[in-house]
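The values are calculated or read from the model by the stated rules, or taken from the named source; none is laboratory data. Computed from a predicted model, the values in this text were never measured in an experiment. When we count neighbours, we look across all protein chains shown, and the Cβ atoms used for this are built from the backbone with ideal geometry, even at glycine.
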Amino acid sequence: MKLNKSVLSIPILLVLIFLLVGCNPVSVTGVSILYDDFSQIVAGMTMQLTAEVEPYNAPNKAVTWASSNPGVATVNGTGWVTAVAKGKAIITVTTNDGSFTDSVEIEVIYIY
């Protein structure tokens, strides 16, 4: 008895589907803030912080930025920090996948 080629391809197709569905997506395992090494920023100035999401091949690299003290330093959705007034603020980045965080302290100073 001869088997039809399409009959043989159905089990192979089912095995491939189960393998693909069973594969776990890559999840975020951490985040780091990349920035120039600094301790102070002058009021009125801006600086860019960058979030590095790990692992490099995680599909969801979306993050949220926040400032502990917006009266001293604000941060927008892309990591641009604006120094507002003298004081200290902690800038935090949080991953949308897994809620991993990293923070950096910013000290804003005045130059007289």
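Table for the structure above
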read-out	value
Residue in region 38-45 that is out of contact with any His (no Cβ under 7 Å at 6 or more places or on another chain), modelled with pLDDT under 95, among the small types (Gly, Ala, Ser) and in a loop (DSSP other than H, G, I, E, B) present	yes
Condition broken by residue 102, with the remaining ones in (1) assigned to a loop (DSSP other than H, G, I, E, B); (2) at pLDDT 95 or above satisfied	(1)
Of all residues in region 39-65 being surrounded by 15 or more Cβ atoms within 10 Å (Cβ to Cβ) and out of contact with any Lys or Arg (no Cβ under 7 Å at 6 or more places or on another chain), the one that is nearest to residue 100 (Cα to Cα)	63
Considering residues of region 13-37 that are at pLDDT 90 or above and small (Gly, Ala, Ser) only, the residue farthest from residue 109 (Cα to Cα)	27
Matching option when the condition is at pLDDT 95 or above, within 30 Å of residue 112 (Cα to Cα) and assigned to a strand (DSSP E or B), among 51, 66	66
